[in-house]
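One structure is given below, encoded as structure tokens.
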Amino acid sequence: MSYAWDFNFLWALGPLLLGGLINTGKLWAIAFSSGLAIGLAFGIMRTVPSRILRGIGMVYVEAIRNTPGLILLIWFYYALPILVGVQSSAWLAACVALSLYTGAYSAEIYRAGIASVEAGQWEAARAIGLSYAHQMRYIVLPQAVMRMIPAFGNRAIELAKATTLASTLAFGELLFTAKVIAEDQFRPLETFTAVSVIFTAVLLPLSYACIWLERRVARSGGIVRD
Amino acid sequence: MPYDWNFTIVLRYLPQLLEGGLHTIILSAAAIALAAPIGVVMGVIRQQRVPILAPIAVAYIDFFRTSVALVLICWCYFALPVLIGVTLSTFTAVTIAIGLQASAYLAELVRAGLQSISVGQWEAARALGMGTRLRLQYIILPQAARRMIPVFFLLVIEVFKTSTLAGFVTYPEIVYEAYRVATDIYRPIETFTIVGAICFVFLFSLGRIALYLERRYAVVER
Amino acid sequence: MTEVLRLENLAKSYGQAQVLKDINLTVRKGETVCVIGASGSGKSTLLRCVNFLGYPTGGRIFLEGKLVGREVIDRSGRTEMRYREAELCAVRAHVGMVFQQFNLFPHMTAEENVMIGPVKIRGLSKAEAKARAAEHLQRVGILEKAGAYPGQLSGGQQQRVAIARALAMEPSIMLFDEATSALDPELVGEVLLAMRKLAQEGTTMLVVTHELGFAYNVAHRVIFLHEGTIHEEGTPEEVLVNPKKPRTQDFLRGVTTFRMPEPRIAPA
């Protein structure tokens, strides 16, 4: 049994695949940047003295992390019109769900990073009269942020993988585009192999970069994992 | 216009949803059963730097840990049958996809576990005259296993989450059943809210068990 | 007396750094030889070469008169040693090693730690190994802790279990790698006492130590290692009390822990 591989048709359909890849990239960029912002808010919330705020932070993080991403996505797809009264679309649902998803995991990274700054730093900052916000902004976060970077890198990789979930809502990202091509051309083997190679080709160097960063940070003291 | 929530109608379909859940559990168990032996072997080969085999293990692990689960599922379901000329059931295809990916994560877990055992333990076993197999079997793996159990539970949780993707290729797991129920009764939000809640309770409990095990097996050294 | 261990021109280097050079040493049956020297003088490396936790890069090692490894002549005409892992496992099983950090197996009780070698390597039955473990735990005075896990024992107790673990293999020589350096001061005594008892019973021992009092009281011979070579060698009297070489004198002057509280014990 030998299968006659033929990748030629894919070159012809290259622009289609590229379009899918760009959509994947857009979704990733939006979800990652808003996820980092959401995560910062909830991450800090999980370290503040107020019990209520800490509780809210915990509920958010636990709820998102213990629900499969696919269910989140589908849920927002149907629930957005009711919750905020907007016309729902696969794109919007994916953006919201993946942002909140990344936000929950990032919050944990921020929390661990902040917790890794020793108490003496807080006290020293308080001793010179800085407010809580200023202690956080100027003393604690700058020290914590270096240790968080490798973990955020890993989050970026996981998010890139998660963007494929949007294909289940027929959003035209890379995997969905590939599926359409595969069905259209009766060439699933080449098409899905190509997609698989594209993802590994992009994510593997990123992953090694994270490992490298992690070692550097570990050598300079203090490891943060999500 | 406020939305008129109606959960009671969905609850009538609860058995169907739970059956989907059961399929998710069976699928996850099969994937883990496939992943466990491969993962342990690959992890040991990599950590021990076995000549010739180690680079193969590294390539295997690197490929699968940077692959996307849904892409692998599509590949195994749509592409693999073309390659080998045999039709695979959705269950088989998804088990292979999720199992192989999980085996790569597990291999990394095993490697980290072995690595975490101090050099002194390896040396003490060597000084007694133990060969590699005896060292791994009696000294290193039993210690590494204790440290790996909590993280292994986290891996199991990830496998469960990944199994919900199997509906994409029509395996009747919980999300697939939820879609069927939702289209039957035109109540997608309520259906997926309940499915989300079921998953949350299940995964949250697993997470707590992991936490408990982590405390319990925290190794007190010296 | 029959020789147990002989090192001939033993050398060890890591890349450019020559850690040991030209070490010639014979240890006879029943003898206790102490190796002293500043940190970085190669003491630990020497012990690790003897049971091949580190491979010597030159010279030959004879255990009970038998050459360990196989000599081959490479293309440039130099002789080199080749070692097979299976042979080295057998060698290690006949050489007992006690580590600075104890390295007990934390998932096994004291007794199980002592039993694992005899059962898995010597092929003893569980019952035989249990009896043997009891015997050796008794020898180091820790039999009552047989069922305890390492985490439940003090450092001194752990180190004595580690000694019993090595003894239970009935090795032809025992190596001690700074066995008391990681211990709190108040726990050092019980371990040294156990070691002295072994020496008196005629155990062949090669001991790397900072405890000069122990070396003075227990050793038959003392070796001063300096920059990877044997700088001075002789009876404890000769090396520790009347050293001839200036380096040895410098070293002894710098050591403040040299106590001679106990009367000299006659060699067994």
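The values are calculated or read from the model by the stated rules, or taken from the named source; none is laboratory data. None of the values given here were measured: they were computed from a predicted structure. Cβ: placed from backbone, ideal geometry, glycine included. Neighbour counts: every protein chain shown. We work out accessible area using only protein heavy atoms, side chains counted, and drop any ligands, DNA or RNA first. Shrake-Rupley method; radii C 1.70, N 1.55, O 1.52, S 1.80 Å.
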Filter result for B:L165 (within 14 Å of chain A (Cβ to nearest Cβ), within 23 Å of B:A104 (Cβ to Cβ) and among the hydrophobic types (A, V, I, L, M, F, W, C)): yes
Yes/no for C:A166 being within 12 Å of chain B (Cβ to nearest Cβ) and either crowded, with 19+ Cβ neighbours inside 10 Å or more than 16 Å from B:G120 (Cα to Cα) (or both): yes
Conditions (1) open to solvent by 60 Å² or more (accessible area, probe 1.4 Å); (2) of a type in the set (D, E, K, R); (3) within 12 Å of chain B (Cβ to nearest Cβ); number of the one not met by A:E62: (1)
Leading residue by the ranking (nearest to the other protein chains (Cβ to nearest Cβ)) among those in the range C:112-145 that are in a helix (DSSP H, G or I) and open to solvent by less than 10 Å² (accessible area, probe 1.4 Å): C:G117
Helices (runs of 4 or more DSSP H) wholly inside the range A:119-205 that include at least 3 residues being within 30 Å of A:R219 (Cα to Cα): A:119-127, A:141-162
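Which one of C:T79, C:T109 is surrounded by fewer than 13 Cβ atoms within 10 Å (Cβ to Cβ) and without any contact (Cβ under 8 Å) to a residue 60 or more places away in the chain? Quick ask: steps written out before the conclusion?
Working: C:T109 fails: surrounded by fewer than 13 Cβ atoms within 10 Å (Cβ to Cβ).
Of C:T79, C:T109, the one residue that is surrounded by fewer than 13 Cβ atoms within 10 Å (Cβ to Cβ) and without any contact (Cβ under 8 Å) to a residue 60 or more places away in the chain is C:T79.
Is there a residue in the range A:131-144 that is modelled with pLDDT of 90 or more and away from chain B (no Cβ under 14 Å)? Before you say what the answer is, go through the steps one by one.
If we filter the range A:131-144 for residues that are modelled with pLDDT of 90 or more, which is where we start, we get none.
No, because not a single residue in the range A:131-144 is modelled with pLDDT of 90 or more and away from chain B (no Cβ under 14 Å).
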Pairs, first small (G, A, S) in the range A:57-70, second not in a helix (DSSP H, G or I), C-beta under 9 Å, six or more apart: A:G57/A:R46; A:G57/A:T47; A:G57/A:V48
Residue match in the range A:170-186 (condition: surrounded by fewer than 15 Cβ atoms within 10 Å (Cβ to Cβ), out of contact with any strand residue (DSSP E or B) (no Cβ under 7 Å at 6 or more places or on another chain), within 14 Å of chain B (Cβ to nearest Cβ) and in contact (Cβ under 8 Å) with a residue 40 or more places away in the chain): yes
Filter pass, B:V94 being at pLDDT 90 or above, within 13 Å of another protein chain (Cβ to nearest Cβ), crowded, with 24+ Cβ neighbours inside 10 Å and within 23 Å of A:A194 (Cβ to Cβ): no
Matching residues in the range A:137-169 - criterion: being farther than 22 Å from A:T24 by Cα and open to solvent by 10 Å² or more (accessible area, probe 1.4 Å): A:R137, A:Y138, A:I139, A:L141, A:P142, A:Q143, A:V145, A:M146, A:R147, A:I149
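If we only count helices (runs of 4 or more DSSP H) wholly inside the range B:117-216, which ones have 2 or more residues that are in contact (Cβ under 8 Å) with a residue 40 or more places away in the chain?
Details: elements: B:119-127, B:141-163, B:174-185, B:188-216.
Qualifying helices (runs of 4 or more DSSP H): B:141-163, B:174-185, B:188-216.
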Verdict on A:I157 being of a type in the set (V, I, T) and more than 10 Å from chain B (Cβ to nearest Cβ): no
Given (1) open to solvent by 30 Å² or more (accessible area, probe 1.4 Å); (2) out of contact with any Ser or Thr (no Cβ under 7 Å at 6 or more places or on another chain); (3) more than 10 Å from chain A (Cβ to nearest Cβ); (4) not β-branched (V, I, T), index of the condition B:G20 fails: (1)
Search result, residues across the range B:45-77 that are crowded, with 21+ Cβ neighbours inside 10 Å, free of Cβ contacts under 8 Å to residues at least 40 places away in the same chain and within 14 Å of another protein chain (Cβ to nearest Cβ): B:T66, B:S67, B:V68, B:V71, B:L72, B:W75, B:C76
Condition check for C:G69: surrounded by 17 or more Cβ atoms within 10 Å (Cβ to Cβ) and within 16 Å of the chain's Cα centre (by Cα): no
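Residues C:V222, C:V207: which one is open to solvent by less than 40 Å² (accessible area, probe 1.4 Å), touching a helix residue (DSSP H, G or I) at 6+ places or on another chain (Cβ under 6 Å) and closer than 18 Å to C:T26 by Cα?
Values: C:V207 fails: touching a helix residue (DSSP H, G or I) at 6+ places or on another chain (Cβ under 6 Å).
Being open to solvent by less than 40 Å² (accessible area, probe 1.4 Å), touching a helix residue (DSSP H, G or I) at 6+ places or on another chain (Cβ under 6 Å) and closer than 18 Å to C:T26 by Cα holds for just one of C:V222, C:V207, which is C:V222.
Out of C:A86, C:A148, C:A90, report the one residue that is assigned to a helix (DSSP H, G or I) and more than 18 Å from the chain's Cα centre (by Cα).
Details: C:A148 fails: assigned to a helix (DSSP H, G or I); C:A90 fails: more than 18 Å from the chain's Cα centre (by Cα).
Step by step, each of C:A86, C:A148, C:A90 is checked, and only C:A86 is assigned to a helix (DSSP H, G or I) and more than 18 Å from the chain's Cα centre (by Cα).
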